Each structure stands twice: as C-alpha cells, then as structure tokens.
Amino acid sequence: MRITLRSASVAAALAGCCLALVSCGTDHPEARGTGGPTGTAAGTPAPGVPALRAFRTYLRTKGPKADAAIASHVLSVRVHEAGSGARTRATVEVDYGVWDDERLDRTAEVFAHWRRSVYGGHGHVRVLAPAKMDAERDW
C-alpha cells in the first residue's frame, strides 16, 4: 500500500486534533460524539440552562439531611425552560451504578420537589446514570 505525503499529513493532523480533544482532561462532547451544532439551525433544541450549583446547594443546605449525600453523585443538571405554558424539561446526570436504582429514583423525586417548591410551575425530569439506567418524574 502506498501512502502519499498529502494523505499522511492529513491523517497526522486529524490524529493531533482528536488527541488534543480527549487528552486535556476537559470534558468535550465533540470527542464523545454527542456534541456538534445545536439550536434551531441544527434542528435540535439548544442546550438547557446549567443548574448544577443551585441543585447541589439545595441538597446540602435546604433539602432533607438524608438527601445531602446525593449532591456528590450529581454530575450535571440542565434545565430546558419551556415557553408560553409548555412544561419545563430537565436532565440530571449522576454517577450511580447498576444496583443503585433506588438512589436514582430518589434523585428524581428530590429534584422534582426542589423545582416545584423553589420555582413553581410544572415539568419533567429525567435522571441518567452511566449504566444506561434512568428515572423520570413529573412536578
């Protein structure tokens, strides 16, 4: 097989770009294949508003003492505000394992209670775990 100088340099440049995305220790959705364009131009909803800090603060300070430990397992929280009467959607990512479905359900329940008590309105939360598990709850 004969590799020309042009294709070798393109391959090296692509490898360098991908290596830079995954080796710096920062989470890059593009490197995982889940990123890319969002918004109306891409035909998908824009990413939601981050709410990780607010939810963790609630868990540690105002939530039930038994739920304070949930805060360390919550990795990200995105809230997709709905306009004009539509319900709000939220996605919470946690690091629970395969046998933690009760904790997953509790996280969804606590999040729904937090949103209802602090912000009012109505919506739906989906809590995702790496083991392809999820829990959902309405508020």
Roughly how many nanometres apart are two label points built 7 Å out from the Cα toward the Cβ at Arg78 and Arg53? 1.9 nm
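If I stretch the segment between Glu136 and Arg60 completely, what's the gain in nm (0.36 nm per residue apart, minus their alpha carbon distance), one decimal? Please list the in-between numbers first.
On the way: separation 76, 0.36 × 76 = 27.36 nm, distance 2.21 nm.
Result for the pair: 25.2 nm of gain on full extension.
Since every read-out is calculated from the coordinates, none of them should be taken as a lab result. Being a predicted model, the structure only gives us computed values, none of them experimental. Every residue, glycine among them, receives a Cβ derived from its backbone with ideal geometry; neighbour counts consider all protein chains shown.
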